[in-house]
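Novice: This structure is in structure tokens; I'll ask about it shortly.
Each reported figure results from applying straightforward, stated rules to the coordinates on display, with no laboratory input. Remember, it's a predicted structure, so these values are computed and weren't measured experimentally. Every residue, glycine as well, gets a Cβ built from its backbone with ideal geometry; the counts of neighbours run over all protein chains shown.
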Amino acid sequence: MRWLARNEYALPADPGWLSRYEAERAAGYRFPKRRAEYLLRRYTAKQAVAAATGLPVDLASLARVEIRNAPSGAPYAVVHGTPAGVALSLTDRAGWAVCVVGTGTVGCDLELVEPRSAGFVHDFLTRAERDRVARSADPDAAANLFWSAKESALKVLRTGLRRDTRSVEITIHSGQMNGWAPLDVVGVEGESFAGWWRRYGRFLLTVVGSVVDSPPVPLERPAPFPVPARR
């Protein structure tokens, strides 16, 4: 898997990178914040797909890369109307968007480490996960990590939060490779996936996939992902 992050300030003022369909979708958002989030996710995805497939990244070329949504809501990319040949997942938080591209089915989620109530932990985490949070030196970070990994896993399952988050259980493992630590996902119906996570300041990023053999590799070096943007 490979990944790319973009900040909201990277969005071009010229909307020429949008396809007609995407421009119409953007215009349909009633609230500016939602429109800005949509645009940032699309721009990040187009740049990631272009980088992963060797396409140019000028605005006119990006307009020929279109990010659509399957009936499940999962994003996919087409180039000149033809599937781009890569799986992708999108996430955004606090002025940043991340796109992960790979093979098989992928899911990613970006979260801020923020306070999580006892009710949140009880309602959304399994007993084993709750025990791990209770033993953690940083319970808020642990709770957000489990939540983020669940979001990524449910994207792989193509259900999103329509499915009970407790129907997948996350195991966090020790050890790191290139800044990433491993995790495993097991579902109540026998599904199992591998994934990785890492922390950037106040951000937590998780990725899960049906085909995962090594940590995600940034499409840009260094990966431009410092602290939350000022809003």
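Novice: Round to the nearest 10 and give me the degree value, 0 to 90, for the angle of helix 139-156's Cα axis relative to the longest principal axis of the chain.
Specialist: Around 50 degrees separate the two axes.
Novice: May I pose another question? About its Cα centre, how strong a charge dipole does the chain have in debye, to the nearest 20, once Lys and Arg get +1 and Asp and Glu get -1 at the Cβ?
Specialist: Roughly 520 debye, rounded to the nearest 20.
Novice: Show the residues, 5+ positions off or on another chain, whose built amide H is closer than 5 Å to the amide H of Val211.
Specialist: Those lying under 5 Å, H to H, from Val211 are Thr105.
Novice: FRET efficiency for Thr159 and Tyr9, Cβ-Cβ distance as r, R0 = 30 Å, nearest 0.05?
Specialist: On the way: r = 33 Å, r/R0 = 1.11.
Using R0 = 30 Å, I get an efficiency of 0.35.
Novice: Oh, and also: For the chain, what is the mean residue ellipticity at 222 nm derived from helices alone (per DSSP H run of n ≥ 4: -39500 (n - 2.57); sum divided by total residues; nearest 500 deg cm²/dmol)?
Specialist: Values: 6 runs with 69 residues, N = 231.
Value at 222 nm, helices only, nearest 500: -9000 deg cm²/dmol.
Novice: Related question: Can you give me the distance in nm between label points at Arg30 and Ser117, each placed 7 Å from the Cα along the Cα-to-Cβ direction?
Specialist: The modelled label-to-label distance comes out at 2.6 nm.
Novice: What does the charge count around Ala50 come to, taking other residues whose C-beta lies under 14 Å from its C-beta (Lys +1, Arg +1, Asp -1, Glu -1)? Provide the component values of the computation, followed by the final result.
Specialist: Values: positive: Arg2, Arg6, Arg42, Lys46, Arg64; negative: Asp58, Glu66, Glu220.
Summing Lys/Arg as +1 and Asp/Glu as -1 gives +2.
Novice: Separate question: Out of the GluC sites (Glu not before Pro) in segment 142-207, which ones are loop residues according to DSSP with at most 15 other C-beta atoms within 10 Å? Spell out each step's value before the answer.
Specialist: Details: sites: Glu151, Glu169, Glu189, Glu191; in loops: Glu189, Glu191.
Counting only loop positions with at most 15 other Cβ atoms within 10 Å, the GluC sites (Glu not before Pro) in segment 142-207 are Glu189, Glu191.
Novice: Let me ask something additional. Can you give me the Rg/Rh ratio for segment 2-88, using Cα atoms for both radii and the Kirkwood formula for Rh? Mind dumping the intermediate values first?
Specialist: Details: Rg = 12.2 Å, Rh = 13.1 Å.
Looking at segment 2-88, the ratio lands at 0.93.
Novice: Let me check against my output: what whole-number percent is the relative contact order of the chain, with C-alpha pairs under 8 Å and at least 6 apart?
Specialist: 21
Novice: Which value, in debye to the nearest 20, gives the size of the charge dipole of segment 27-140 about its Cα centre, when Lys and Arg are +1 and Asp and Glu are -1 at the Cβ?
Specialist: On the way: 15 positive and 12 negative charges, 73 e Å.
Dipole about the Cα centre, nearest 20: 360 debye.
Novice: While we're on this one: May I ask you to work out the translational diffusion coefficient for the chain at 20 °C, viscosity 1.002 mPa s, via Stokes-Einstein with Rh from the Kirkwood sum over Cα pairs, reported in whole µm²/s?
Specialist: Working: Rh = 18.1 Å.
Answer, rounded: 119 µm²/s.
Novice: Ok, one more. Taking the Cα centre of segment 2-88 as the origin, how large is its charge dipole in debye, to the nearest 20, when only Lys and Arg (+1) and Asp and Glu (-1) carry charge on their Cβ atoms?
Specialist: Details: 13 positive and 7 negative charges, 54 e Å.
Here the size comes out at about 260 debye.
Novice: Could I have the simple spin-label model distance between Ala194 and Ala128, label points 7 Å from Cα toward Cβ, reported in nm to one decimal?
Specialist: Placing both labels 7 Å beyond Cα along the Cβ direction yields 1.8 nm.
Novice: In addition: Give me a comma-separated list of calculated 3J(HN,Hα) values for segment 10-19, in order, Karplus coefficients 6.51, -1.76, 1.60 applied at θ = phi - 60°, integers in Hz, x for any Gly or Pro.
Specialist: Computed from phi, the couplings for segment 10-19 are 7, 4, x, 5, 7, x, x, 7, 8, 6 Hz.
Novice: Pairs of Cα atoms under 8 Å, at least six residues apart: use those to get the relative contact order of segment 108-210, whole percent. Don't skip to the answer; put the middle values down first.
Specialist: Values: 178 pairs, mean separation 31.2, N = 103.
Here the relative contact order equals 30 percent.
Novice: Further, regarding this structure: Rg and Dmax of segment 49-172, using alpha carbons, in Å: what are they?
Specialist: Rg then Dmax for segment 49-172, in Å: 17.2, 52.
Novice: Quick one: helix 32-53 against the long Cα principal axis of the chain, what's the angle to the nearest 10°, folded into 0 to 90?
Specialist: 80
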